[in-house]
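Step one of this worksheet: look at the structure below.
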Amino acid sequence: MTIVTKIALSLLGAAGISFLSLTPARAVILVEPIVTTQNQDILKSKNPRILTDYQPGQVIEYGVPDVANNFLNDTGYDIESLVFDLKTLSYNNEPVEWGDVNGDGKIGSSINPDLNNIFKDITISGSTITFSGGVIPNGTLFYNPFATLPNLAPGGGIIPPVPAEQTDKDGPIRVAAYYTAVPESTNVLGVLVLGALGVALKLKRSLHGY
């Protein structure tokens, strides 16, 4: 092989590497939910959304990024875990997955010092993310927004704003969600004890004729 040939091959190799480096990598759309204590700033401007008639294990589906708001747990249960499942796994031919949108190196954690994370355990299995190791008592407010990278909120830059009269202003990524409740064995035991005491009192009264 002549020196000229070697130089030509080297130049072709370098050109090939440069071409590959210029080829854009396939983008990934990241989705990150957080579950924190109430957002006091939002509470000043609008009333919280109320979760009622919502049973443990009941699956609901909605779009994200959603319009940020507080939620009132009015389910009648203490929530011990929240489970979210991505239903949109590809958008505009780009894969969708859970990811670190706010850049703190963790998924599902708030970077706002005024918002305290409610759940200490966050696990991801495929398209499912589970928040556990905490509790949202019945009757309390909590904050559960979703963010995406890039920002796919309507009016956020990529997605055009929705008409003012349209009720659903959520984003194009679909998520299914359900919760589990704190076991109520202690409450059931209390009811059984009270019931037993009532029966005993009635029996005592009947035996003594009063």
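Tell me the carbon and sulfur percent of the accessible area for segment 88-157, rounded to whole percent, probe radius 1.4 Å.
Details: 1680 of 3540 Å².
Ligands and nucleic acids excluded, carbon and sulfur give 47 percent.
Amide H to amide H, which residues 5 or more places from Ala181 or on other chains are under 5 Å from it, using H placed in the peptide plane?
Long-range HN contacts for Ala181: Glu80.
List residues of segment 120-164, by number, whose backbone nitrogen lies under 12 Å from a label position 7 Å along Cα→C-beta of Asp104.
So the set is 120.
Under 20 Å from a point placed 7 Å out from the Cα of Asp78 along the Cα-to-Cβ direction: which residues of segment 117-148 have their backbone N that close?
What the label zone holds, given the 20 Å backbone N cut-off, is 117-122, 131-143.
Given a Förster distance of 41 Å, report the FRET efficiency between Leu141 and Thr88 from their Cβ-Cβ distance, rounded to the nearest 0.05. Mind dumping the intermediate values first?
On the way: r = 28 Å, r/R0 = 0.69.
It comes out at approximately 0.90.
Counting only residues 5 or more places away or on other chains, whose amide H sits under 5 Å from the amide H of Ile173 once H atoms are built in the peptide plane?
Amide H neighbours of Ile173, under 5 Å, 5+ apart: Val64.
If amide H atoms are built 1.01 Å from N in the plane of the peptide, which residues on other chains or at least 5 residues away come under 5 Å of the amide H of Asn70?
Close amide H contacts, sequence-distant or interchain: Arg49.
The values are calculated or read from the model by the stated rules, or taken from the named source; none is laboratory data. Treat the numbers as computed from the prediction; the structure is a model and nothing was measured. Please note: Cβ atoms are built from the backbone with ideal geometry, for glycine as well, and neighbour counts cover all protein chains shown. Heads up: the accessible areas ignore ligands, DNA and RNA and are worked out on the full protein's heavy atoms, side chains in. Shrake-Rupley method; radii C 1.70, N 1.55, O 1.52, S 1.80 Å.
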